[in-house]
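Below you'll find the structure, written out as structure tokens, and then a few comments.
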Amino acid sequence: MPVEIAVIEGDGIGKEVVPAAVEVLDAVAATGSIGEFEYTYVDAGDAVLAETGEALPEDTYEAAANADATLFGAAGETAADVILPLRDAVGSFVNIRPARAFPGVDAVRSETDVVFLRENTEGVYAGHEDRLSEDLSTLTRVVTSSASRELAEFACDFVEDGRGPDGSEGFTVAHKANVMRETDGRFRDEVLAVAAERGVEADEELMDAFATKLPLDPTQYGVVVCGNLAGDVLSDLAAGLVGGLGLLPSANIGHDNGLFEPVHGTAPDIAGEGVANPTAAILSAAMLVEYFGYVEDGNRIRDAVEAVLTDGPRTGDLGGSATTTEVTEAVVERL
Ligand code: ATP
Ligand code: MG
């Protein structure tokens with residue numbers, strides 16, 4: 001049975017980097033063990049809103065919900081209206097964001113190699129905001145034991161499967177339970193309890209202290225487990241340490257579905273010129289391949305990308321003058 005992939009290019013450079021990722025998936029299918037991919041092309045984003053009146057049409061939502069996995073590019077102004085329901089469509093409960101420095105790419109901290117596992121359904125992003133008066137607005141923060149434990153079980157599997165940075169045998173949970181004693185206290189307690197039950201090493205760090213210590217010495221950390229907001233902010237901090245958002249992939253994982261997307265947005269300043277760096281989208285495809293258990297094939301993609309980053313060709317953001325297509329062809333050749 002072919003693996004069914006919903007493909008949503010979206011806006012801006014999504015239209016350029018997603019086809020690059022698809023080309024790499026096909027090259028992996030032709031040369032690896034994963035078998036064939038079958039693609040369903042659907043769309044979402046600003047252009048779709050202008051055309052149809054809906055940023056995320058029903059058939060796109062359905063395609064994502066029914067596929068084995070979804071490859072997504074980027075959406076402009078409508079990003080929140082697209083990506084939040086899409087994460088819901090795939091039943092995603094964890095967002096995986098690796099931040100590793102790349103060979104030949106300027107980095108603030110080239111020794112950085114961390115993977116964030118971010119809770120993807122609750123916290124302050126669960127959406128309970130209210131305007132109570134002219135002067136007063138409130139936000140309700142949602143933390144459940146069940147979601148905290150599910151994330152922790154995933155983190156334990158992740159380190160046990162050797163998917164963390166080299167040699168990670170445990171994880172760090174970053175939180176602010178000294179202030180948010182009830183919500184982050186529950187989160188921290190449940191995550192550490194699951195780790196103890198599973199016999200996985202886990203330590204904890206206050207998120208503010210973490211934000212100081214990570215840039216000072218990123219080698220202290222490997223797999224980092226966070227709530228929704230903390231994971232969002234801290235993973236962006238780590239992205240800054242390894243050279244920005246343009247190269248980094250992410251995955252939203254559900255129970256029998258996943259959504260894979262570059263961390264960057266639509267890059268309107270370079271969209272349509274064919275010069276976008278496809279690396280983040282291609283590495284998102286590598287995470288997709290790994291999600292189906294083909295760790296070897298995922299590593300092959302990563303190795304090919306790193307070889308191209310080292311030897312070129314390179315796109316403009318990395319000081320080169322190559323096109324998206326030239327870089328993609330170079331990666332495919334290496335495969
Ligand atoms: P959005 O609102 O869609 O997030 P943005 O203006 O914030 O758009 P980003 O996509 O977040 O743009 O990118 C920020 C900067 O990084 C831009 O200058 C963009 O050109 C650059 N950039 C992002 N992704 C890439 C890429 N894949 N290749 C080259 N440059 C990129
Ligand atoms: Mg942006």
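The values are calculated or read from the model by the stated rules, or taken from the named source; none is laboratory data. Source: prediction; values computed, not measured. Because the Cβ atoms are built from the backbone with ideal geometry, glycine has one as well, and the counts that use them run over all protein chains shown. The area values use the complete protein model at the heavy-atom level, side chains included, leaving out ligands, DNA and RNA. Shrake-Rupley method; radii C 1.70, N 1.55, O 1.52, S 1.80 Å.
For A267, indicate whether it is within 19 Å of the chain's Cα centre (by Cα), assigned by the TED database to the domain that holds A20, within 16 Å of ligand 2 (Cβ to nearest atom) and over 23 Å from T60 (Cα atoms).
Against the criterion (within 19 Å of the chain's Cα centre (by Cα), assigned by the TED database to the domain that holds A20, within 16 Å of ligand 2 (Cβ to nearest atom) and over 23 Å from T60 (Cα atoms)), A267 does not qualify.
The lone criterion from (1) under 15 Å from the mean Cα position of the chain (by Cα); (2) open to solvent by 50 Å² or more (accessible area, probe 1.4 Å) left unmet by V225 is number (2). One residue stands out in the stretch 239-248 among those that are open to solvent by less than 10 Å² (accessible area, probe 1.4 Å) and within 13 Å of the chain's Cα centre (by Cα): the one that is farthest from A64 (Cα to Cα), namely A239.
Scanning the stretch 238-260 for residues that are closer than 17 Å to E119 by Cβ and either small (G, A, S) or assigned by the TED database to the domain that holds T172 (or both) turns up A238, S250, A251, G254, G258. Just give me the residues in the stretch 152-175 being open to solvent by less than 40 Å² (accessible area, probe 1.4 Å) and not aliphatic (A, V, I, L, M), in sequence order. F154, C156, F158, G164, P165, S168, G170, F171, T172, H175 - these are the residues of the stretch 152-175 that are open to solvent by less than 40 Å² (accessible area, probe 1.4 Å) and not aliphatic (A, V, I, L, M).
A search for C-beta distances below 6 Å between a residue of the stretch 250-264 that is at pLDDT 95 or above and any residue that is among the acidic types (D, E), counting only pairs 6+ apart in sequence or on different chains, returns S250/E261. Within the stretch 12-28, the residues that satisfy the criterion of being farther than 20 Å from Y294 by Cα and surrounded by fewer than 21 Cβ atoms within 10 Å (Cβ to Cβ) are K15, P19. Among the conditions (1) of a type outside the set (G, A, S); (2) crowded, with 19+ Cβ neighbours inside 10 Å; (3) within 18 Å of the chain's Cα centre (by Cα); (4) over 28 Å from G76 (Cβ atoms), N299 misses just one, which is (2). Restricting to the stretch 318-332, give me the number of residues that are touching a residue at least 24 places away in the same chain (Cβ under 8 Å) and not in a loop (DSSP other than H, G, I, E, B). The number of residues fulfilling the criteria is 7.
So, A281, is that one open to solvent by less than 10 Å² (accessible area, probe 1.4 Å), touching an Asp or Glu at 6+ places or on another chain (Cβ under 7 Å) and within 16 Å of ligand 2 (Cβ to nearest atom) or not?
In short, no.
More than 17 Å from the chain's Cα centre (by Cα) and either more than 16 Å from ligand 2 (Cβ to nearest atom) or at pLDDT 95 or above (or both): is that true of D317 in this structure? Judged against the criteria, D317 is not a match. Can you confirm whether L84 is open to solvent by 50 Å² or more (accessible area, probe 1.4 Å) and of a type in the set (A, V, I, L, M)? So L84 passes the test.
On the stretch given as the stretch 124-166, residues that are of a type outside the set (S, T, Y) and within 20 Å of H255 (Cα to Cα) total 19. Residue pairs whose Cβ atoms lie under 7 Å apart, sitting 6 or more positions apart in sequence or on different chains, and linking a residue in the stretch 189-208 that is open to solvent by less than 80 Å² (accessible area, probe 1.4 Å) to a partner that is assigned to a helix (DSSP H, G or I) and of a type in the set (K, R), are E190/R149; V194/R149.
Cβ-Cβ contacts under 9 Å between residues 6 or more apart (or on different chains), taken from a first residue in the stretch 130-152 that is under 29 Å from V223 (Cα atoms) to a second residue that is of a type in the set (K, R), are listed as V143/R186; T144/R186; S145/R186; S148/R186; S148/R188; L151/R118; A152/R198. With respect to the conditions (1) open to solvent by less than 10 Å² (accessible area, probe 1.4 Å); (2) in contact with an Asp or Glu (Cβ under 9 Å, 6 or more places away or on another chain), D113 lacks only one, and its number is (1). For D269, are the conditions met, namely being among the acidic types (D, E) and under 19 Å from A89 (Cβ atoms)? No. Going through E38, E54, E9, E77 one at a time, which residue ends up being assigned by the TED database to the domain that holds P262, open to solvent by 10 Å² or more (accessible area, probe 1.4 Å) and in contact with a Lys or Arg (Cβ under 9 Å, 6 or more places away or on another chain)? E9 is the lone residue from the list that is assigned by the TED database to the domain that holds P262, open to solvent by 10 Å² or more (accessible area, probe 1.4 Å) and in contact with a Lys or Arg (Cβ under 9 Å, 6 or more places away or on another chain).
Of all residues in the stretch 133-151, those satisfying the criterion of being surrounded by fewer than 22 Cβ atoms within 10 Å (Cβ to Cβ) and among the polar types (S, T, N, Q) are S133, S137, T138, T140, T144, S145, S146.
Among the conditions (1) away from ligand 1 (no atom under 15 Å from the Cβ); (2) over 30 Å from T183 (Cβ atoms); (3) among the acidic types (D, E), E326 misses just one, which is (1).
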